[in-house]
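Undergrad: Quick one: this structure, given as structure tokens, is what I'll be asking you about.
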Amino acid sequence: MARVAVLVKAAIDVNLMKADPQGNVLAQQTPLVIAEYDRNAVQAAVEIKGKLGGSVAAFSLASWGPVSAKKKEYENVMREVLAMGVDEAHVVLDDGYVDGTPLVTAEVMAALAGKLGGFDIYVTGEGSSDMVSSQLAPRLGALLGLPVVTFTKRIDIEDGGFKITRDLEDKLEVVHVDPPLVMSVTGEANQPRLPTLLQIRRAFVKPIKFYTAQDIGVKREAKIEQLAIKVLAQKRKNVIIDGSKPEEAAEVLIQRLTEEGVIIPGR
Amino acid sequence: MSRIVVAGENSQQAREALGFAKILSDVSGSTISFLVFSGTSDEIASAAGGIASEAYNLNGAGHPPESLAAALDILSKDGIYAVVAPALKNLTDALARFSAKARIPMLTEVIEAHVMDDELLLKRGVMAGRAIGEYHVKPPFTATVPMKKFEPPEASGALEVEDLEVSAEAPKLIGVEKKVKGEVDIEGAEIVIGVGRGFKKEEDLKTAFQLAELLGGEVGCSRPIAADYGWLPEDRWIGISSKKIRPKLYFAIGISGAPQHMSGVLDSKIIAAVNKDKNAPIFQYADYGIVGDLYQFLPALLKKLEEKQ
Ligand SMILES: Cc1cc2nc3c(=O)[nH]c(=O)nc-3n(C[C@H](O)[C@H](O)[C@H](O)COP(=O)(O)OP(=O)(O)OC[C@H]3O[C@@H](n4cnc5c(N)ncnc54)[C@H](O)[C@@H]3O)c2cc1C
Ligand SMILES: Nc1ncnc2c1ncn2[C@@H]1O[C@H](COP(=O)(O)O)[C@@H](O)[C@H]1O
């Protein structure tokens with residue numbers, strides 16, 4: 001039996017990002033979604049439970065505020081992972097931790113883990129889809145004093161021990177480690193399953209607990225300050241060509257690209 | 001005066017962060033220490049001689065993330081200004097472990113460093129590359145920088161290297177498989193044809209290669225094509241977690257335009273795209289967007305180009 005914890009971030013939906021006329025990102029007005037690769041983390045956690053038995057708890061720290069306005073969105077992301085097979089969700093919701101860097105997030109998650117009595121396996125995504133800091137798993141492992149395996153592409157469980165394939169730039173590396181451990185998984189680690197209607201309905205009776213900074217007790221210090229988040233201005237021509245008549249569309253495109261001087265047909 | 005540690009698995013890697021370390025050293029007056037997981041004294045001297053004032057070598061002992069993190073624990077005993085490294089997976093891992101124990105901030109993939117009223121202002125891509133985050137950081141801190149982002153100063157002269165022994169518990173290594181390396185220089189290509197999940201089968205990619213051949217370009221791809229399906233080697237993978245390109249023409253075929261992909265192509269002069277979904281985000285990034293089926297459009301385009309030969 002294993003107690004598995006999976007870290008799930010409700011991230012800014014970068015496809016729907018809103019900004020003011022000066023280009024400042026308006027996080028408050030932008031919807032939140034589950035960080036893309038945290039679906040893989042959840043799938044990995046649920047598969048581990050399937051092999052070893054036990055339970056999966058999801059941890060989340062609200063990192064975009066104000067939390068009172070966003071609470072429903074955090075809850076929705078948790079319902080989604082509960083439908084995927086997570087058994088219970090724990091959400092830290094406090095404006096004092098909003099905009100927190102991975103330094104704060106990791107300390108809060110470690111404190112939450114301690115409060116709940118510790119876990120055998122902690123799973124995170126390789127990087128969140130909005131901030132892509134890629135720090136949480138190694139930070140959490142260092143704080144909890146546990147072995148850390150980052151960039152997991154494949155998990156094989158043999159006699160309760162974990163054989164893990166790490167996906168590095170120039171090689172795949174296979175390591176063996178026994179729990180308790182912390183791991184981060186890549187977007188290629190598995191195929192997250194879509195929950196069935198029944199699973200979605202069942203998710204509504206599973207527990208979601210909320211915590212404040214007071215419950216957690218982590219103090220945030222001013223070591224780093226986020227001054228601004230500014231959209232990168234992209235100026236493109238946005239000419240749309242109807243492709244329903246492929247030959248005509250091809251002719252138009254060749255002409256345009258030739259005028260731009262970026263291709264030389266018949267060179 | 002505390003030091004700046006520049007870390008890498010080998011000398012070439014660590015050298016990628018030297019340009020950034022030099023900026024920090026000019027701001028703070030801190031000296032630079034060079035730390036490598038493995039390498040010869042000659043390699044280390046020719047990478048950092050005259051820039052670093054001291055160097056440490058772990059001689060390849062142990063497993064890189066744990067050993068490097070343990071070495072950083074030792075080297076930071078007398079205080080540090082910063083630890084910097086190129087944004088490679090093992091190094092990101094090592095610096096994050098060290099940062100957690102030291103309770104200091106870490107910024108991954110820093111792209112700009114400025115000094116404002118004697119304080120450091122660092123910038124990094126956020127929102128999957130659609131925005132830039134600006135941070136005020138107080139030392140000590142750690143940071144990674146993208147490869148080739150900060151030009152390192154010329155190295156010259158000798159550099160004394162000290163062997164450093166660390167003991168760190170690490171998972172047991174049971175196997176290593178090198179990845180296939182292609183010979184493409186997609187970052188240097190003037191025309192790049194990008195292929196994505198709109199292609200249904202591996203063999204269908206051949207039309208993209210024909211187009212690249214006709215135009216004198218290279219084929220690149222989205223992450224799933226390389227990392228998930230393995231249809232193309234990873235040196236053709238474009239985006240936030242791989243290659244950044246700046247061609248005259250980027251032509252995205254069957255790619256949805258996820259920000260994590262597009263952040264690797266934003267510096268292209270012209271972006272063209274074919275996608276059958278008129279609402280695909282790729283059209284927001286494109287100069288010329290063809291709404292249509294690639295399986296009809298590509299053969300037509302190839303035929304027209306061949307006629308013009
Ligand atoms: C932390 C993180 C890092 C990431 N790093 C990267 C990265 O470096 N690079 C990267 O590419 N991605 C990266 N991603 C993944 C990214 O978010 C997307 O999932 C990925 O880019 C999608 O690839 P795609 O466009 O090929 O596939 P899809 O999103 O599935 O798009 C396929 C497109 O093809 C179109 N299509 C289908 N059939 C046809 C047809 N017959 N004709 C024309 N069009 C057709 C569809 O309309 C669709 O728009 C990262 C994600 C995260 C969270
Ligand atoms: N606010 C958060 N709440 C819960 N988990 C998080 C949070 N931020 C990051 N994580 C986890 O850490 C991983 C890496 O995030 P990052 O370090 O931000 O790239 C994510 O994929 C999540 O699993």
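The values are calculated or read from the model by the stated rules, or taken from the named source; none is laboratory data. For clarity, every value in this text was computed on a predicted model and none was experimentally measured. Counting neighbours? That spans all protein chains shown, and the Cβs are built from the backbone with ideal geometry, glycine included.
Undergrad: Residues in region A:245-264: is at least one touching a residue at least 12 places away in the same chain (Cβ under 8 Å) and either assigned by TED's automatic domain parsing to the domain that holds residue A:115 or assigned to a loop (DSSP other than H, G, I, E, B) (or both)? Give the steps one after another, and end with the answer.
TA: Narrowing region A:245-264 to residues touching a residue at least 12 places away in the same chain (Cβ under 8 Å): A:253, A:256.
Then keep just the ones that are either assigned by TED's automatic domain parsing to the domain that holds residue A:115 or assigned to a loop (DSSP other than H, G, I, E, B) (or both); that gives none.
Scanning region A:245-264 turns up no residue that is touching a residue at least 12 places away in the same chain (Cβ under 8 Å) and either assigned by TED's automatic domain parsing to the domain that holds residue A:115 or assigned to a loop (DSSP other than H, G, I, E, B) (or both).
Undergrad: Now, a different point. Would you pick out the residues in region B:87-125 that are of a type in the set (Val, Ile, Thr), facing chain A (nearest Cβ under 7 Å) and within 16 Å of the chain's Cα centre (by Cα)? Steps first, please.
TA: Applying the first criterion (of a type in the set (Val, Ile, Thr)) to region B:87-125 yields B:92, B:104, B:108, B:110-111, B:115.
Then drop every residue that is not facing chain A (nearest Cβ under 7 Å), which leaves B:92, B:104, B:108.
Of everything in region B:87-125, those that are of a type in the set (Val, Ile, Thr), facing chain A (nearest Cβ under 7 Å) and within 16 Å of the chain's Cα centre (by Cα) turn out to be B:92, B:108.
Undergrad: How many of the residues in region B:254-275 are more than 15 Å from the chain's Cα centre (by Cα) and closer than 15 Å to residue A:187 by Cβ?
TA: The number of residues fulfilling the criteria is 3.
Undergrad: Another question, if that's okay. On the given criteria, is residue B:192 in contact with a Leu (Cβ under 8 Å, 6 or more places away or on another chain), part of a strand (DSSP E or B) and within 8 Å of ligand 1 (Cβ to nearest atom)?
TA: On the way: in contact with a Leu (Cβ under 8 Å, 6 or more places away or on another chain): yes; part of a strand (DSSP E or B): yes; within 8 Å of ligand 1 (Cβ to nearest atom): no.
Against the criterion (in contact with a Leu (Cβ under 8 Å, 6 or more places away or on another chain), part of a strand (DSSP E or B) and within 8 Å of ligand 1 (Cβ to nearest atom)), residue B:192 does not qualify.
Undergrad: For the structure I just gave you, tell me whether residue A:147 is over 28 Å from residue B:182 (Cα atoms), modelled with pLDDT of 95 or more and either among the hydrophobic types (A, V, I, L, M, F, W, C) or within 16 Å of ligand 2 (Cβ to nearest atom) (or both). Let's see the steps before the verdict.
TA: Numbers: over 28 Å from residue B:182 (Cα atoms): yes; modelled with pLDDT of 95 or more: yes; either among the hydrophobic types (A, V, I, L, M, F, W, C) or within 16 Å of ligand 2 (Cβ to nearest atom) (or both): no.
So residue A:147 does not fit the description; no.
Undergrad: Scan region A:157-172 and tell me whether some residue there is more than 8 Å from chain B (Cβ to nearest Cβ), under 30 Å from residue B:238 (Cβ atoms), hydroxyl-bearing (Ser, Thr, Tyr) and within 16 Å of ligand 1 (Cβ to nearest atom).
TA: no
Undergrad: Could I ask something else about it? Does residue A:123 qualify as being within 16 Å of ligand 1 (Cβ to nearest atom), touching a residue at least 24 places away in the same chain (Cβ under 8 Å) and away from chain B (no Cβ under 14 Å)?
TA: yes
Undergrad: Taking the conditions exactly as written (within 28 Å of residue B:137 (Cα to Cα) and either under 15 Å from the mean Cα position of the chain (by Cα) or of a type outside the set (Gly, Ala, Ser) (or both)), does residue A:98 satisfy them or not? Before the answer, list the steps.
TA: On the way: within 28 Å of residue B:137 (Cα to Cα): yes; either under 15 Å from the mean Cα position of the chain (by Cα) or of a type outside the set (Gly, Ala, Ser) (or both): yes.
Yes; evaluated as a whole, the condition is true for this residue.
Undergrad: Also, I was wondering about something else. Is it the case, given these coordinates, that residue B:38 is under 22 Å from residue B:89 (Cα atoms) and either surrounded by fewer than 23 Cβ atoms within 10 Å (Cβ to Cβ) or not acidic (Asp, Glu) (or both)?
TA: Working: under 22 Å from residue B:89 (Cα atoms): yes; either surrounded by fewer than 23 Cβ atoms within 10 Å (Cβ to Cβ) or not acidic (Asp, Glu) (or both): yes.
Yes, satisfied.
Undergrad: Further question: Restricting to region A:1-26, give me the number of residues that are among the small types (Gly, Ala, Ser) and crowded, with 20+ Cβ neighbours inside 10 Å. Even if it seems obvious, please write down each step before you answer.
TA: First, pick out the residues of region A:1-26 that are among the small types (Gly, Ala, Ser): A:2, A:5, A:10-11, A:19, A:23.
Those still in the list that are crowded, with 20+ Cβ neighbours inside 10 Å too: A:5, A:10-11.
The total comes to 3.
Undergrad: Do we find that residue A:42 is surrounded by 21 or more Cβ atoms within 10 Å (Cβ to Cβ) and outside any strand (DSSP E or B) in this structure? Please lay out each step first, then the result.
TA: Details: surrounded by 21 or more Cβ atoms within 10 Å (Cβ to Cβ): yes; outside any strand (DSSP E or B): yes.
So residue A:42 passes the test.
Undergrad: Something else now. Please go through region B:218-252 and give me each residue that is within 7 Å of ligand 1 (Cβ to nearest atom) and under 28 Å from residue A:264 (Cα atoms), ordered by number. Let's see the steps before the verdict.
TA: Start the filter on region B:218-252 by keeping residues that are within 7 Å of ligand 1 (Cβ to nearest atom), which leaves B:222-225, B:237-242.
Within region B:218-252, B:222, B:237, B:238, B:239 meet the criteria.
Undergrad: For region A:102-120, which positions are away from chain B (no Cβ under 12 Å) and near ligand 2 (Cβ under 10 Å from one of its atoms)? First the steps, then the outcome.
TA: From region A:102-120, those away from chain B (no Cβ under 12 Å) are A:108, A:111-120; that's our starting set.
A:108, A:112 - these are the residues of region A:102-120 that are away from chain B (no Cβ under 12 Å) and near ligand 2 (Cβ under 10 Å from one of its atoms).
Undergrad: If you don't mind, there's one more thing I want to ask. Please determine, by comparing only the residues of region B:261-273 that are at the interface with another protein chain (Cβ under 7 Å from one of its Cβ atoms) and buried (at least 23 other Cβ atoms within 10 Å of the Cβ), which one is farthest from residue A:234 (Cα to Cα).
TA: Only one residue fits best here, namely B:272.
Undergrad: Another one. Scan region A:183-219 for residues that are assigned to a loop (DSSP other than H, G, I, E, B) and surrounded by fewer than 17 Cβ atoms within 10 Å (Cβ to Cβ) and report the count.
TA: Taking region A:183-219 as the starting set, the residues that turn out to be assigned to a loop (DSSP other than H, G, I, E, B) are A:186-196, A:204-207, A:212, A:217-219.
The next check asks that each one be surrounded by fewer than 17 Cβ atoms within 10 Å (Cβ to Cβ); those that pass are A:191, A:193-194, A:196, A:204-207, A:212, A:217, A:219.
The total comes to 11.
Undergrad: I need a count of the residues in region B:228-241 that are away from ligand 2 (no atom under 16 Å from the Cβ) and either facing chain A (nearest Cβ under 9 Å) or part of a helix (DSSP H, G or I) (or both). Break it down into steps so the answer makes sense when it comes.
TA: Filtering region B:228-241 down to residues away from ligand 2 (no atom under 16 Å from the Cβ) leaves B:228-238.
Still in the list and also either facing chain A (nearest Cβ under 9 Å) or part of a helix (DSSP H, G or I) (or both): B:228, B:234-236.
Total meeting the criteria: 4.
Undergrad: Before we move on, is residue B:300 buried (at least 19 other Cβ atoms within 10 Å of the Cβ), facing chain A (nearest Cβ under 7 Å), outside any helix (DSSP H, G or I) and within 14 Å of ligand 1 (Cβ to nearest atom)? So that I can check it myself, show each step before the final result.
TA: On the way: buried (at least 19 other Cβ atoms within 10 Å of the Cβ): yes; facing chain A (nearest Cβ under 7 Å): yes; outside any helix (DSSP H, G or I): no; within 14 Å of ligand 1 (Cβ to nearest atom): yes.
It is false that residue B:300 is buried (at least 19 other Cβ atoms within 10 Å of the Cβ), facing chain A (nearest Cβ under 7 Å), outside any helix (DSSP H, G or I) and within 14 Å of ligand 1 (Cβ to nearest atom).
Undergrad: Could you list, in sequence order, the residues of region A:2-48 that are touching a Lys or Arg at 6+ places or on another chain (Cβ under 8 Å), without any contact (Cβ under 8 Å) to a residue 60 or more places away in the chain and within 16 Å of ligand 1 (Cβ to nearest atom)?
TA: Listed by number, the residues that qualify are A:32, A:34.
Undergrad: Next up: Determine whether residue A:99 is surrounded by fewer than 19 Cβ atoms within 10 Å (Cβ to Cβ), away from ligand 1 (no atom under 16 Å from the Cβ) and closer than 26 Å to residue B:106 by Cβ.
TA: Working: surrounded by fewer than 19 Cβ atoms within 10 Å (Cβ to Cβ): yes; away from ligand 1 (no atom under 16 Å from the Cβ): yes; closer than 26 Å to residue B:106 by Cβ: yes.
Considered against the rule, which asks whether it is surrounded by fewer than 19 Cβ atoms within 10 Å (Cβ to Cβ), away from ligand 1 (no atom under 16 Å from the Cβ) and closer than 26 Å to residue B:106 by Cβ, residue A:99 comes out as yes.
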